[in-house]
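Colleague: Let me begin by handing over the structure; questions about it come next.
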Amino acid sequence: MSTRAATAADLDAIMDLERTSFPTDAWSAAMMREELASPHGFYVVVEEAGRLVGYAGLRAVRGARDADVQTITISAAARGRGRGRALLTTLLDEAVARGVHDVFLEVRADNPVAQALYVSEGFAEVGRRPRYYQPDDVDAIVMQLDLRGWAARRAEVSGGAAPGVAASDAPSASATPSPTGKGWC
Ligand SMILES: CC(C)(COP(=O)(O)OP(=O)(O)OC[C@H]1O[C@@H](n2cnc3c(N)ncnc32)[C@H](O)[C@@H]1OP(=O)(O)O)[C@@H](O)C(=O)NCCC(=O)NCCS
């Protein structure tokens, strides 16, 4: 298994997985191409035996306080073996490196697996968008992660210093929830 930055050459493989993973609300190829090319984006892919089995993307405008997990997907055959968490962690590490304070995402209310992953990393529900996912008519749950708290917890577990976060700087309690979740996950 290897993880690397996504390139424009990955577009077709990403779109194959996108359409399989999100049959009713997949992004268009044009949208995905734009995301991959955006200077504010950070997209990674995971491969097994030279085959793309997952991808994930973050939107973090340089200098901005907030970032969004845009998408994360592992192919059905490769799920349940830690790859989703590894991709999410890679996105969060990049957000730390960009000086982000809070990470937001949206997740379908009928997707308990993804919700469990996010909650286990410290994301908390801060709002709902009724009937956000169409045509399925499913609500979006908006989640927020206090990134400096996440980095501090991680450093504690690994026994080292949190990258980019001074211990005295890291908040001990969760940040004030923001009503502006914007991710498209
Ligand atoms: C959500 C997704 C990316 C998780 O990837 P994954 O590689 O299967 O997940 P991991 O093996 O890293 O597991 C991470 C956590 O997810 C949760 N999880 C994974 N599989 C689960 C299952 N079958 N049931 C319940 N929770 C599950 C658990 O909290 C797990 O942590 P644990 O192993 O410590 O219990 C993957 O299921 C997926 O691609 N789903 C379809 C696309 C999608 O829904 N994307 C998210 C859009 S917001």
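Colleague: Separation between the residue 38 and residue 76 pseudo-spin-labels, each 7 Å from Cα along Cα→Cβ, expressed in nm?
Modeller: The two pseudo-label positions are separated by 2.9 nm.
Colleague: Could you tell me which trypsin sites (Lys or Arg not before Pro) in the range 24-91 are loop residues by DSSP with no more than 16 other beta carbons within 10 angstrom of their beta carbon?
Modeller: Those that pass, being in a loop and sparsely packed, are 62, 65, 79, 81.
Colleague: Another question, if that's okay. Using alpha carbons only, how many angstrom separate the centre of the range 88-138 from the centre of the range 6-79?
Modeller: 15
Colleague: For residue 61 paired with residue 136, estimate the spin-label separation in nm (one decimal), with each label point 7 Å from Cα along the Cα-to-Cβ line.
Modeller: A separation of 2.9 nm, rounded to one decimal place.
Colleague: Angle between the Cα long axis of helix 112-121 and the longest principal axis of the chain, 0 to 90 degrees, nearest 10?
Modeller: That helix lies at roughly 30 degrees to the long axis.
Colleague: Still on this structure, please answer the following. Where does helix 83-97 land angle-wise versus the long Cα axis of the chain, in degrees 0 to 90, nearest 10?
Modeller: So the helix axis and the longest Cα principal axis differ by about 50 degrees.
Colleague: Pick out, from 147, 118, 185, the residue whose Cα sits farthest towards the positive end of the charge dipole of the chain, with +1 on the Cβ of Lys and Arg and -1 on the Cβ of Asp and Glu.
Modeller: Projecting each Cα onto the dipole axis, the largest value belongs to 147.
Colleague: Here is a further query. Helix-only mean residue ellipticity at 222 nm, the chain, DSSP H runs n ≥ 4 weighted -39,500 (n - 2.57), per residue, nearest 500. What is it?
Modeller: Calculated at 222 nm, the ellipticity per residue is -9500 deg cm²/dmol.
Read the figures in this text as sums done on the coordinates, not as results from a lab. Only a predicted model underlies this, so the values are computations on that prediction, with no experimental measurement involved. Backbone-built Cβ (ideal geometry, glycine too); neighbour counts: all protein chains shown.
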